[in-house]
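The values are calculated or read from the model by the stated rules, or taken from the named source; none is laboratory data. Note that the coordinates shown come from a computational prediction; the quantities given were computed from them, not determined experimentally. As a convention, Cβ positions derive from the backbone with ideal geometry for all residues, glycine included, and neighbour counts pool all protein chains shown.
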């Protein structure tokens with residue numbers, strides 16, 4: 001058994017700590033969120049923002065650039081929270097193995113903005129708008 005101060009014991013401790021995920025708490029209240037799912041959802045939201053142009057912006061002025069940046073930050077935050085809360089529930093309903101959890105969190109984070117907008121429109125009673133007219137394209 002290595003001594004606790006040796007490098008091997010330190011690496012083993014870090015590996016075990018990384019493998020065990022703990023729930024995040026705020027002000028002593030457990031939120032039921034896992035940090036690995038939040039990070040995977042955040043990465044998925046970044047892919048949606050950057051590659052899929054989920055939050056389009058224009059560079060007219062510095063004020064518009066600031067507004068777009070704040071909107072992108074809010075979308076990334078909301079997408080990671082959505083992935084943190086909905087991925088375990090979706091995985092439970094779909095009955096898929098635990099090994100796919102991070103990939104599912106990435107996918108949920110990437111598609112969270114579109115799903116949330118659909119749910120908000122549906123619950124508010126607004127008519128559904130086709131995707132071509134949302135982005136300003138021709139119908």
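Values for this structure:
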{"read-out": "Check on residue 65, assigned to a helix (DSSP H, G or I) and closer than 18 Å to residue 34 by Cβ", "value": "no"}
{"read-out": "Pair list, Cβ < 6 Å and 6+ apart or interchain, from region 100-114 residues that are without any contact (Cβ under 8 Å) to a residue 40 or more places away in the chain and at negative phi to residues that are buried (at least 21 other Cβ atoms within 10 Å of the Cβ) and in a helix (DSSP H, G or I)", "value": "104/87"}
{"read-out": "Residues located in region 49-73, provided they are surrounded by 15 or more Cβ atoms within 10 Å (Cβ to Cβ) and closer than 15 Å to residue 111 by Cβ", "value": "49, 54, 55"}
{"read-out": "Region 9-44: number of residues that are part of a helix (DSSP H, G or I) and at pLDDT below 85", "value": "11"}
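Let's see how each residue does on (1) in a helix (DSSP H, G or I); (2) modelled with pLDDT of 80 or more; (3) surrounded by 14 or more Cβ atoms within 10 Å (Cβ to Cβ):
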residue	(1), (2), (3)
75	yes, yes, yes
80	yes, yes, yes
84	yes, yes, yes
90	yes, yes, yes
102	yes, yes, yes
119	yes, no, no
122	yes, yes, no
129	no, no, no
139	no, no, no
